[in-house]
1. Out of MET11, MET1, I need the residue that is surrounded by fewer than 10 Cβ atoms within 10 Å (Cβ to Cβ), part of a helix (DSSP H, G or I), modelled with pLDDT under 95 and out of contact with any Lys or Arg (no Cβ under 6 Å at 6 or more places or on another chain). Which one?
2. Look at TRP28 and say whether it is surrounded by 10 or more Cβ atoms within 10 Å (Cβ to Cβ), assigned to a helix (DSSP H, G or I) and either in contact with a Ser or Thr (Cβ under 6 Å, 6 or more places away or on another chain) or among the hydrophobic types (A, V, I, L, M, F, W, C) (or both).
Amino acid sequence: MARVAGRNLAMSWIAGVFCTGVIVALLWLSLPMLPLLAEFADTAVRSALP
């Protein structure tokens, strides 16, 4: 990312770490849904193919 005047490097790192943490937390919370999603995709593919 280009250096923009007036931007603090420390604050950008803190914001980046915070955003990464939020994304990791959302992925962690979505893990229990993976088996259901796999079953749904399997059913969709089986019904689409003859």
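1. Result: MET11 is the single residue among MET11, MET1 that is surrounded by fewer than 10 Cβ atoms within 10 Å (Cβ to Cβ), part of a helix (DSSP H, G or I), modelled with pLDDT under 95 and out of contact with any Lys or Arg (no Cβ under 6 Å at 6 or more places or on another chain).
2. No: the conditions fail for TRP28.
The values are calculated or read from the model by the stated rules, or taken from the named source; none is laboratory data. Please read all numbers here as calculations on a predicted model, not as lab measurements. When we count neighbours, we look across all protein chains shown, and the Cβ atoms used for this are built from the backbone with ideal geometry, even at glycine.
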